[in-house]
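Chemist: Take a look at the following structure, please.
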Amino acid sequence: MQGTSPSRADAPALLLMAAAFLIFGLFALLRPESLRSAMDRFADTWKKDSWHPYKMPLPLLRLTVGGVGLAGAALFFYIGYVALTR
């Protein structure tokens with residue numbers, strides 16, 4: 001485990017990552033069918049007809065991927081806040 005806290009120089013990168021996670025999470029919550037088709041196209045370039053999260057039902061995909069995106073955004077916003085207040 002790292003023993004140092006984030007510095008003010010880390011704050012812009014942290015807030016950028018938080019914004020990216022927030023956009024991804026909101027996109028997953030609002031447009032899960034578009035996310036599924038994008039994941040399908042990406043997965044088919046690697047291995048045809050393999051299992052991927054895009055085969056989940058839309059409500060489960062919406063909650064899982066959207067929840068992870070929003071949780072990641074909250075985590076990065078918090079770490080950015082800690083970096084800015086030190």
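The values are calculated or read from the model by the stated rules, or taken from the named source; none is laboratory data. Small disclaimer: the values here were computed from a predicted structure and weren't measured. For neighbour counting, all protein chains shown are included, and Cβ atoms are generated from backbone atoms with ideal geometry for every residue, glycine included. These accessible areas exclude ligands, DNA and RNA; they are computed on the full protein's heavy atoms, side chains included. Shrake-Rupley method; radii C 1.70, N 1.55, O 1.52, S 1.80 Å.
Chemist: Could you tell me which numbered condition E33 fails, if it satisfies all but one of (1) under 12 Å from L61 (Cα atoms); (2) open to solvent by less than 60 Å² (accessible area, probe 1.4 Å); (3) in contact with a helix residue (DSSP H, G or I) (Cβ under 7 Å, 6 or more places away or on another chain); (4) of a type outside the set (F, W, Y)?
Modeler: (2)
Chemist: Here's something else I'd like to know. Which helices (runs of 4 or more DSSP H) does the range 7-84 wholly contain that include 3 or more residues that are at pLDDT 95 or above?
Modeler: Because the criterion is at least 3 residues that are at pLDDT 95 or above, the helices (runs of 4 or more DSSP H) in the range 7-84 that meet it are 11-30, 58-84.
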